[in-house]
Amino acid sequence: MTTRLPVASSPAGVVSALVPEDSLTDIRSGFDQLQAAVLEQAHVPAVTLSLCRLRVLQLHGIEVETPPGAASGQAGSTGTAALADPQGRGHCVGNWHREKIFSPAEKACLQFTEIYVMDVQAITDDMAADVKQHYGDAGLVVLIEALGLFDATARLQRLWLSRPAGK
Amino acid sequence: MSSRPRAKSSGSATGNMLRDSALGLVPETIDHLVELGRAVWETGPLRPAEIEVARLRNAVRVNCVFCRNARYDIAQADGLTEPRVATVQSASPGEQLGRRDQLIVAFVDQYYDDPGAHNLTLHNALRATFSEPELAHLSLCLAYFSLFSRCAVALGGMPDELPVMQVSLPR
């Protein structure tokens, strides 16, 4: 089931719904700075990470509108620009394995993403090697850090921002 | 789970387990990871022993052997005992734990089992027992521990067993 929710861009964005802006500032700014650093590093393109984020949200049943050129993050501003999908391919990401618009490097990351979300223990050495073939060891680390942020944000978003049906 | 590392280590020998691991391959993010870890432990309203309860339950749910067998010295100094750890890590901790620990465990389990289920009973119990800053802190602790333990598993090189190890916050 897919749920339309306000989409937080980081764990810090989710807890904005719980506490005032001046609460837990060191931890919240720590998450925002980490997320900005992950999205701005030089090893994996931000567009690729954005596609992986969209797949994470889909797998958690969170509906995201992705108009071409528009940023997909809303609640919490850090990293929002870097989470845009300027090529407007976000709506195809659920069928990435059949789509020719995704590069082999993007497909390697999307495959890794799916297994990471569903069962991180089920990731295979071959999946990791496929990512490394395109982005190297540092790129694999970046992808895993990014997925950790995206997955945690999605889980907290569902925990705190979802409402019972009809409310 | 692969016992073979999937990424090389950073090659540094700083004595900081994060910087010396594969995470150190990305200089753009490693300082932020270390600083965030310190902020999670040192700047929120939850006590270290309660943070450790959340971390250890998370470790069990992710099955991160490194995380499961680590014990933070500041949590031990705050009163965390091995019998309490054993209960937190058991399949059904139930009423052997204090009320706050029970709810921390239930929150972690909900995070992994069905975060979108909107468990009203759990939400009401959490709000009746913890302040909103404590709940926000618990949420951000769990986000950090989840990120970190899933990172360790995804990077491979995980042994099947390890002895219990006392660790300090990385500097």
- Working only within the range A:21-44, note down all residues that are touching an Asp or Glu at 6+ places or on another chain (Cβ under 9 Å) and either open to solvent by 30 Å² or more (accessible area, probe 1.4 Å) or in contact (Cβ under 8 Å) with a residue 60 or more places away in the chain (or both). A:ASP26, A:GLN33, A:LEU34, A:VAL38, A:GLU40, A:GLN41, A:ALA42, A:HIS43
- Message: Restricting to the range B:94-132, and then to whatever is basic (Lys, Arg) and under 21 Å from B:ALA59 (Cα atoms), can you tell me which residue is farthest from the chain's Cα centre (by Cα)?
- Response: B:ARG99
- Message: Here's a check for you: in the range B:4-23, which residue that is at the interface with chain A (Cβ under 10 Å from one of its Cβ atoms) and among the polar types (S, T, N, Q) is most open to solvent (accessible area, probe 1.4 Å)?
- Response: B:SER9
- Note on the structure: Within the range B:129-157, of all residues that are touching a Gly at 6+ places or on another chain (Cβ under 6 Å) and not charged (D, E, K, R), the one surrounded by the fewest Cβ atoms within 10 Å (Cβ to Cβ) is B:CYS151
- Message: It is to be established whether one or more residues within the range B:158-167 are under 28 Å from A:VAL117 (Cβ atoms), open to solvent by less than 10 Å² (accessible area, probe 1.4 Å) and at pLDDT below 95.
- Response: yes
- Reported set for the range B:24-61 where residues are at the interface with chain A (Cβ under 7 Å from one of its Cβ atoms), open to solvent by 10 Å² or more (accessible area, probe 1.4 Å) and not small (Gly, Ala, Ser) is B:LEU25, B:GLU28, B:HIS32, B:GLU35, B:THR43
- Take the residues in the range B:86-102 that are polar (S, T, N, Q) and in a helix (DSSP H, G or I), then tell me which one is modelled with the lowest pLDDT. B:GLN96
- Item | Filter result for B:GLN76 (within 19 Å of B:ARG150 (Cβ to Cβ) and away from every other protein chain (no Cβ under 14 Å)) | no
- Message: One residue is enough: does the range B:140-149 have a residue meeting the conditions more than 15 Å from the chain's Cα centre (by Cα) and at pLDDT 95 or above?
- Response: no
- Residues of the range B:103-160 being aliphatic (A, V, I, L, M), part of a helix (DSSP H, G or I) and facing another protein chain (nearest Cβ under 9 Å), in sequence order, are B:ALA117, B:LEU120, B:LEU135, B:ALA136, B:LEU140, B:LEU142, B:ALA143, B:LEU147, B:VAL153, B:ALA154
- Query: From the list B:VAL65, B:VAL88, which one is without any contact (Cβ under 8 Å) to a residue 60 or more places away in the chain and closer than 24 Å to B:MET17 by Cβ?
  - Reply: B:VAL88
- Query: Which one of these is closer than 27 Å to B:ASP73 by Cβ, touching a residue at least 40 places away in the same chain (Cβ under 8 Å), of a type in the set (Val, Ile, Thr) and touching a Pro at 6+ places or on another chain (Cβ under 8 Å): B:VAL153, B:VAL105?
  - Reply: B:VAL105
- Task: Test B:GLU82 against the criterion of being surrounded by fewer than 22 Cβ atoms within 10 Å (Cβ to Cβ) and within 30 Å of A:ASP126 (Cβ to Cβ), and give yes or no.
- Result: no
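The values are calculated or read from the model by the stated rules, or taken from the named source; none is laboratory data. Remember, it's a predicted structure, so these values are computed and weren't measured experimentally. Because the Cβ atoms are built from the backbone with ideal geometry, glycine has one as well, and the counts that use them run over all protein chains shown. Quick note on the areas: whole protein, heavy atoms, side chains included, nothing else; ligands and nucleic acids left out. Shrake-Rupley method; radii C 1.70, N 1.55, O 1.52, S 1.80 Å.
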